[in-house]
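So the structure is just underneath, and the comments pick up after that.
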Amino acid sequence: MIVVMEKDAPQDQIDDMAARIEGLGLKAHTIVGTQRTVIAAIGEKREDTRESLAGSPGVAEVVPILAPYKVASREVKPDPTCVVAGSLKVGAGHLGVIAGPCSVEDEEQILATARAVKAAGATALRGGAFKPRTSPYSFQGLKKVGLELLAKARDETGLAVVTEVVSAEDVELVAKYADVLQVGARNMQNYRLLEAVGNTSRAVLLKRACSATLDELLLAAEYILNEGNPNVMLCERGIRTFESHTRFTLPLATVTYLHNKTPLPVVVDPSHGTGHAYLVPDLATAAVAGGADGLIIEVHPSPADALSDGYQSLDFAQFETTMARCQRVANALADSDPSET
Ligand code: PEP
Ligand code: MN
């Protein structure tokens, strides 16, 4: 349930209410909004919990949260969340662009890509060091060496680093190097991993599993938020359908649907979502036109030679033209609605 505090409730009343909620064995998540402060009380409630909280000093009302996810719901936090991680800003009017190779391969590859994507307008660098591959015989990533190379690229370009963590035991190591921890599609429902990233101070990019419903995605985000980490970005990266001409099917309706249900920003991945480099520029542009808060795009100096996902990676020139088109669409949207910046 949500305890809605009076508009002018002083801080000590807000703190007292949070303490009372915790005293009832519930978790209190305090959310300071532009209009009001609310405290979400999460956990198993007793019959009389609602009555015992209503009527306390500074409380305007106590209302149930209808959605199955709680802290991830717009009922609790109507204002959109802006996730900030170094150079990356995503949400609440900020369009973030994460670009880079599927996998970090060597120093020259990651440094050249970092320079090129930054020059084209990317605001963060992606690159997998720990790779979840369908086949155990495929390249599994450079692991710690890959993380070190990403940190080197950040030092040189100033771009925030987004990289995947595939298991709970690696979270501490990856969090030492990354600005954003990516939880991949295959791990969206790895609940121990979600809790582990929720216990770090790093932002998280949570990718939708290819057969997960949007409620399942939001409940996965809830695991991270429930550990006290509010900096979660959701990522639509395509789902599995009967269609076989594209690697996955990329549903852009996800963006508006999620904006209606959650304050968390929504990032679109047109690379995995289509599986073909020639489709990426149009789908990236369409995602921006449809209100996405961010893009994550695979870019490689020589896609034909990539150790993973080369067929869906853009080269530098293709990424530059894609960025220019996305920027024009973003500017047109901002001009047509001055309330969106
Ligand atoms: C990736 O970003 O390279 C990746 C493995 O993505 P996903 O988890 O969406 O398949
Ligand atoms: Mn990939």
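Just 178, 40, 324 to compare: in a GNM of the chain, with alpha carbon springs under 10 Å, which one fluctuates most? Residue with maximal mean-square fluctuation among 178, 40, 324: 324. Of the residues 254, 272, 180, the one whose Cα sits farthest towards the positive end of the charge dipole of the chain is 272 (charges of +1 on Lys and Arg Cβ, -1 on Asp and Glu Cβ, taken about the Cα centre). Taking Cα atoms only, the orientation of helix 214-226 departs from the longest principal axis of the chain by about 70 degrees.
With a Förster radius of 45 Å, plug the Cβ-Cβ distance of residue 61 and residue 328 into 1/(1 + (r/R0)^6) and report the FRET value to the nearest 0.05.
For residue 61 and residue 328, the calculated efficiency is 0.50.
Among residues other than residue 220 with Cβ under 13 Å from its Cβ, the summed charge is -1 (Lys and Arg +1, Asp and Glu -1). Take the chain with all the other protein chains still there, run a 1.4 Å probe, and you get 43 Å² of accessible area per residue. Spatially, the stretch 164-193 and the stretch 244-294 are offset by 22 Å when compared through their Cα centroids. Based on the alpha-carbon gyration tensor of the stretch 83-336 and its eigenvalue square roots a ≥ b ≥ c, which shape applies: rounded if a/c is under 1.5, prolate if not and a/b is larger than b/c, or oblate? Rounded shape, in that the Cα axes give a/c under 1.5. The share of accessible area on the chain that comes from carbon and sulfur is 52 percent, using a 1.4 angstrom probe. Taking Cα centre as origin and charging only the Cβ of basic (Lys, Arg, +1) and acidic (Asp, Glu, -1) residues, the dipole magnitude of the stretch 2-63 rounds to 200 debye.
Taking the 0 to 90 degree range and rounding to the nearest ten, how far is the long axis of helix 107-120 tilted relative to the main principal axis of the chain, both from C-alpha atoms? Once rounded, the angle reads 70 degrees.
The lysines within cross-link reach of residue 7, meaning a Cα-to-Cα straight distance under 26 Å and a gap of 8 or more places when in the same chain, are 27, 45, 70, 77, 261.
Residue 37: net charge of surrounding residues, Cβ under 14 Å, Lys/Arg +1, Asp/Glu -1, itself excluded? Local net charge: -4.
A Gaussian network model of the chain, with springs between Cα atoms under 10 Å, assigns the largest mean-square fluctuation among 157, 134, 285 to 134. Among DSSP bridges having both ends in the chain, what percentage is antiparallel? Round to the nearest 5. Once the DSSP bridges in the chain are tallied, antiparallel ones form about 40 percent.
Between the stretch 122-153 and the stretch 28-49, the C-alpha centres lie 39 angstrom from each other.
Take the Cβ atoms of residue 151 and residue 302, set R0 to 25 Å, and the FRET efficiency comes out at 0.60. Short-range pairs are left out: with C-alpha atoms under 8 Å and at least six residues apart, the relative contact order of the stretch 2-63 is 47 percent. Placing +1 on each Lys and Arg Cβ and -1 on each Asp and Glu Cβ, with no other charges, gives the chain a dipole about its Cα centre of roughly 400 debye. On the beta carbon distance between residue 211 and residue 135, with R0 = 30 Å, the FRET formula returns roughly 0.95. How far is helix 316-336 tilted off the main Cα axis of the chain, in degrees rounded to 10, range 0 to 90? For helix 316-336, the angle is close to 40 degrees. Each label was represented as a point 7 Å from its Cα along the Cα-to-Cβ direction; for residue 79 and residue 276 these points are 4.4 nm apart. Since only 4, 109, 220 are under comparison, the one whose Cα sits farthest along the positive direction of the charge dipole of the chain, derived from C-beta charges on Lys, Arg, Asp and Glu, is 109. Its Kirkwood hydrodynamic radius, worked out from the mean inverse distance over all distinct Cα pairs, puts the stretch 2-63 at 11.4 Å. For the stretch 1-91, the list of GluC sites (Glu not before Pro) that fall in a loop by DSSP and count at most 15 other C-beta atoms within 10 angstrom reads 6, 44, 47.
Excluding residues fewer than 8 places away in the same chain, name every one of the lysines whose C-alpha is closer than 19 Å to that of residue 118. Within reach: 89, 152.
The values are calculated or read from the model by the stated rules, or taken from the named source; none is laboratory data. Computed from a predicted structure; not experimentally measured. Glycine also receives a Cβ, built like all others from the backbone with ideal geometry; neighbour counts cover every protein chain displayed. When the accessible area is computed, the model is the full protein with side chains, heavy atoms only, and any ligands, DNA or RNA have been set aside. Shrake-Rupley method; radii C 1.70, N 1.55, O 1.52, S 1.80 Å.
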